[in-house]
Amino acid sequence: MVTPARVPAALDRPLLVVVGGGGVGKTTLAAALGVQSALAGKRTLVMTFDPSLRLKDALGVGEAARDRGVRVPLDAPGTLDASLLDAKATFDRLVSKYAPDPAAADRIFRNRFYRDLAGTLAGILEYMAMERLFEARAEGAHDRIILDTPPTRQALDFLQAPDRIVDFLDSRAVKMALDPIWERDPRSMSLPARLAARAGMEMADRTLGRRFLEDLVEFVRAFNPLFDGFRDRAEEVRRLLRDEGTLFLLVAGPGPDRIPDAMFFLRKLKEAGHRLGPLVVNQVHPPVENPRAGSPDLHPGLRLLAHLGSRDQEGLRQIRDLLPGPGSVLELPAQPRPPSDLPSLAALARAMLIQLDN
Amino acid sequence: MSVLDLLARRRLVVVTGKGGTGKSTLAAALGRLLAGAGRKTLVVEVDPRESLHQALGVEPSGGEVVQAGEGLWIQNVQAQAVIEGLVREKVPVPFFARKITESPAFRHFVAGAPGFKETAVLGHAYRATRGHRTPRVEVVVLDAPASGHGASLLAAPALLALAAEGGQLGEVAAELAAFLADPAQCAIFLGTLAEEMPVQETLELLETLDSAGGPRVAMVCVNALFPPLPADLLEAVRQDLWGERRRLQERERARLRDRWEGPLAELPLLPLDRGPALTRDLATRLGEARW
């Protein structure tokens, strides 16, 4: 008998955000959850940053997914679309879409700051991912979106990106850039204001160079027509991330030395008002019953496996102590081979979700 | 040729690579190796979540310089603190310096100006190599952010030099960019694992850094290799975790080797937790690597 696929109530939400450090298997788990969700009859979208070739192959999606969602060939009652997040492409599209006219868009595209530095602007990459999420939600073509995120430290930046953009847009620096003192008619200012402005300008000129300021001002100005739209959407994304239909899944590596990081991140998420799902401890090595495990003449490979086994079991024990309660910690074993096709992804999701049924 | 030969006259070693591949441990081991060879070394960590101190068994730095052995120090460096320190240097009156650093315009400029924070962190490391700091060190090992952010970090001074051309900031950035691009003084180390994504990211990073025409990679270090399978091992083990892992690692290592012909060091996965014993062991092995 085949039991119909289902997603346990604890994870049955319209938006799942998968977060965690580098190399813990977030992207693979996001894809696995996507497959399971489609098998359970949902129209599902997986948004991911930088999937491996193996995973792209497993999902059967290529570079075309950079622009918009690509349908994964899956025999299921629901559907699965996969889309790859590309910050620069999203940024470009946004500029074209919201600029009041093509000339304004062109001004932005030609600005040196935009060309060379858009990618390094504080928070902009993260913010662009939020924009994509917003677009996808607005289209309304999916019952469930599973969002993969960049590694933990950047993930904090990532989640704060909407707040920071709103802050920045409201800042005096932006207002000043829109009304530079050196372009103001000096006769309209009082003498002390004029002197102060001149001293300030001279200092800025000496340290930064006039061109830097002019380029920056031009950049901010060129963006100005887009700002209102930015602010509104940033506000909505902020709300969405704290909505009760949104659940955060933290994926962590096993081993006691990973615990402080995981607990830190859980606390930060909670403080920021997000809803937390179970903690997924991934790549747990099995305990090794070897009476000679500690002996120095044991082959280094076997000694290593014994070490990894006891290390991971100890880490798991500690994390279960810290997060008691059924369904608060899910564990996944270290696999000899990473999942490389749809059935193995589905199996991975089942191995995880079955722990929520007990 | 050995790692110590390669780094003989370099003043700055930048360690980057994919997240979760043991960058901090590698940076600590390099620091230990250099200090052990008699070169006074400062290992600089940029991640605000400190972990470098664990690899060397000392207290967290919290921004201060902490001694971690004979001729070895560590320091956690945050851009904000560096920039405020610079303002205090330029504006010796504390009241005015505070007025500047606390003003919203300044804070937003620091947060928003592209490449500024990155340049400040690199600038801090640069000045340390010039003996501007106590203790006087000969070489700085920079435990840099992961690949993507590491590449932006390395590209920042050149971009800022271009953007702020004609100002003092531009001049400082240009000097720094020239220093980074000088292979006689700077070396970039890429840490990676012999797994698909880390190798992919390493190859992409090599390409990015190559095409940027800036700093060049001096060495790639493959971490956490499973030991080769002995011939007399049970078939069951050969097919299982160890055997599969090792096969996958050999394949990925070959893929890396195809594209990277420069120096490559290999470090085994050891039955030791992160800490001073592991760091010492890895430092010894790095020192013994030859090519």
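Here, each number is a calculation from the coordinates, and none is a lab measurement. Note that the structure is predicted; figures quoted are calculated from it, not measured. Quick reminder, even Gly has a Cβ in these numbers, built from the backbone with ideal geometry, and neighbours come from all protein chains shown.
If R0 is taken as 22 Å, the Cβ-Cβ distance between B:Arg251 and B:Ala277 corresponds to a FRET efficiency of 0.10.
Take the Cβ atoms of B:Glu89 and A:Arg317, set R0 to 56 Å, and the FRET efficiency comes out at 0.65.
Can you give the mean number of other chain Cβ atoms that lie within 10 Å of the Cβ atoms in peptide A:295-302?
On the way: counts 0, 0, 0, 1, 7, 8, 15, 6.
The shielding value for this peptide is 5.
Spacing of the modelled spin labels on B:Glu244 and B:His132, each 7 Å from Cα toward Cβ, amounts to 5.2 nm. With both residues required to sit in the protein assembly as shown, DSSP beta bridges show an antiparallel share near 10%. Taking amide H as placed 1.01 Å from N in the peptide plane, the amide H of A:Gly20 sits under 5 Å from that of A:Thr152, A:Val251, each at least 5 places away or on another chain. Does segment A:280-358 classify as rounded, prolate or oblate by the C-alpha gyration tensor (a ≥ b ≥ c root eigenvalues; a/c under 1.5 gives rounded; else a/b over b/c gives prolate, otherwise oblate)? Oblate, because a/c is 1.5 or more while a/b does not exceed b/c.
Inside 10 Å of the C-beta atoms of B:219-227, what's the mean count of C-beta atoms belonging to other chains? Display every interim value, and only then the final one.
Working: counts 0, 0, 0, 0, 0, 0, 0, 4, 6.
Mean shielding count: 1.
How would you rank A:139-148, B:80-89, highest first, on the average number of other Cβ atoms within 10 Å across their residues? Show your work: numbers first, answer last.
Working: A:139-148: 19.5, B:80-89: 16.3.
Highest-to-lowest ranking by the protection proxy: A:139-148, B:80-89.
Label-to-label distance for B:Arg290 and A:Arg43 is 6.6 nm, based on points extended 7 Å past Cα in the beta-carbon direction. Prolate is the label for segment B:170-289, because the ratio a/c of its alpha-carbon gyration tensor axes (a ≥ b ≥ c) is 1.5 or higher and a/b is greater than b/c. Fewest neighbouring Cβ atoms within 10 Å first, the residues B:Trp291, B:Trp73, B:Trp242 line up as B:Trp291, B:Trp242, B:Trp73. In the protein assembly as shown, the calculated helix contribution to ellipticity at 222 nm averages -16500 deg cm²/dmol per residue, counting -39,500 (n - 2.57) for every DSSP H run with n ≥ 4. At an R0 of 51 angstrom, the distance between the Cβ atoms of B:Ile100 and B:Asp258 translates into a FRET efficiency of 0.45.
Quick check on the protein assembly as shown: take the gyration tensor over C-alpha atoms, sort the square-rooted eigenvalues as a ≥ b ≥ c, and tell me if it's rounded (a/c under 1.5), prolate or oblate.
Values: a/c = 1.97, a/b = 1.22, b/c = 1.62.
In terms of gyration-tensor shape, oblate.
Taken over the protein assembly as shown, lysine pairs spaced eight or more positions apart, or on distinct chains, with alpha carbons under 23 Å apart number 21.
Per-residue extension of 0.36 nm, minus the Cα-Cα distance of A:Ala272 and A:Leu298, leaves a gain of 4.5 nm for this segment. A simple count of charges around B:Ala151, restricted to other residues whose Cβ falls under 13 Å of its Cβ and scoring Lys, Arg +1 and Asp, Glu -1, yields -3.
Counting partner chain Cβ atoms within 10 Å of every residue's Cβ in A:211-221, what's the average?
Working: counts 7, 10, 2, 0, 3, 6, 0, 0, 1, 1, 0.
Partner Cβ neighbours, averaged per residue: 3.
Rg/Rh for segment B:47-110 (Cα atoms only, Rh after Kirkwood) is 1.12.
Remark: spin-label model distance A:Ala103-B:Ala178 equals 4.2 nm, labels positioned 7 Å along the Cα→Cβ axis.
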